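The values are calculated or read from the model by the stated rules, or taken from the named source; none is laboratory data. Note that the structure is predicted; figures quoted are calculated from it, not measured. Positions of Cβ are generated from backbone atoms using ideal geometry, with glycine treated the same way; all protein chains shown enter the neighbour counts. Surface accessibility is based on the protein's heavy atoms, side chains included, excluding ligands, DNA and RNA. Shrake-Rupley method; radii C 1.70, N 1.55, O 1.52, S 1.80 Å.
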Amino acid sequence: MDKVVTFDCYGTLIDFDLNRVVRATLKDRLRIDGVDEAEFLRDFRVMRFQAVLEPYRPYKEILAVSLEHAMRLHGLPYRTEDGSALVAAVPTFGPFPEVPAALARLKESYKIAIISNTDDDLISDNVERIGVYFDYVITAEQARAYKPSREAFEYALRVTGRTSDQVIHVAQGFEYDIIPTYGLGMRRFWVNRSGRRGSSAFMPYEEIPDMSRLPALLGL
């Protein structure tokens, strides 16, 4: 059976700039005396990760609750519409510039799939904005599990009908994707757009700065 290339969506294919939305939503509240914006945004990111380790609930709820918890931690007044604004922004994000062409090239020889920590209705507009047909769009809502849980990846294997050695996984989330797929037998590419430091403990994986080089690395 042909190999399938699976992709994380947000941050890998889609320019998922939540920080921009948070800044625009909270505005002057981020400038309350004693609030460190960078620390607040880091805490919000960590709380989103912690939330996906808990029993499954919709991603819309995770976004809103994580934002509320981060704001309360930093003494910022939370409003229900803050979480709603964050959720509403998700479908508006489009792809990184090099993504559509790279995916179109890959489609010439591979099946392609998305494995994403999201809800079905949130991701549909993002996929449409990419403009390339995906053979599979697999969400946490379908799997009832979030990455980094192995359940999310096991579900994706069942849906695609592949074994791990027939999958090439491409993702920017080191903690969400690269760490949990260690030892599964997939060929893995880490899209390190931000220049983060990796870890030899979870090798082998191949590191690329964006998607533009991927087709050539896969023989196209």
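Give me the pairs: first residue in the stretch 21-40 and in contact (Cβ under 8 Å) with a residue 40 or more places away in the chain, second residue acidic (Asp, Glu), beta-carbon distance under 8 Å, and six or more apart or on different chains, which are they?
Cβ pairs passing all conditions: THR25/ASP82; LEU26/ASP82; LEU30/GLU37.
Could you run through the stretch 13-58 and say how many residues are open to solvent by 40 Å² or more (accessible area, probe 1.4 Å) and farther than 30 Å from PHE189 by Cα?
Here the count works out to 10.
Taking the stretch 118-131, which residues are open to solvent by less than 20 Å² (accessible area, probe 1.4 Å) and outside any helix (DSSP H, G or I)?
Residues satisfying the conditions are THR118, ASP119.
Restricting to the stretch 103-116, what's the tally of residues that are within 21 Å of ALA156 (Cβ to Cβ) and open to solvent by 20 Å² or more (accessible area, probe 1.4 Å)?
Going through the stretch 103-116 one residue at a time, the tally reaches 4.
Among the listed residues PRO100, PRO77, PRO55, PRO91, identify the single one that is in a loop (DSSP other than H, G, I, E, B) and within 21 Å of the chain's Cα centre (by Cα).
Going through PRO100, PRO77, PRO55, PRO91 in turn, just one is in a loop (DSSP other than H, G, I, E, B) and within 21 Å of the chain's Cα centre (by Cα): PRO55.
Any chance you could count how many residues in the stretch 71-90 are buried (at least 16 other Cβ atoms within 10 Å of the Cβ), over 16 Å from THR12 (Cβ atoms) and not charged (D, E, K, R)?
9
Check GLU61 against each of (1) closer than 26 Å to VAL132 by Cα; (2) modelled with pLDDT of 95 or more; (3) surrounded by fewer than 18 Cβ atoms within 10 Å (Cβ to Cβ) and name the one condition it does not meet.
The failed condition is (1).
Quick one: which of ALA70, ALA113, ALA88 is among the hydrophobic types (A, V, I, L, M, F, W, C) and free of Cβ contacts under 8 Å to residues at least 12 places away in the same chain?
When all the criteria are applied, what remains is ALA88.
Quick check: is even one residue across the stretch 95-102 acidic (Asp, Glu) and surrounded by 13 or more Cβ atoms within 10 Å (Cβ to Cβ)?
Yes.
Within the stretch 142-220, considering only strands (runs of 3 or more DSSP E) that don't extend past its boundaries, which have at least 1 residues that are over 16 Å from the mean Cα position of the chain (by Cα), surrounded by fewer than 17 Cβ atoms within 10 Å (Cβ to Cβ) and free of Cβ contacts under 8 Å to residues at least 24 places away in the same chain?
Here the list reads 206-208.
Looking only at the stretch 1-46, count how many residues are part of a helix (DSSP H, G or I) and not acidic (Asp, Glu).
Number satisfying all stated conditions: 20.
Could you tell me whether ASP135 is under 20 Å from LEU86 (Cα atoms) and either free of Cβ contacts under 8 Å to residues at least 12 places away in the same chain or of a type in the set (D, E, K, R) (or both)?
no
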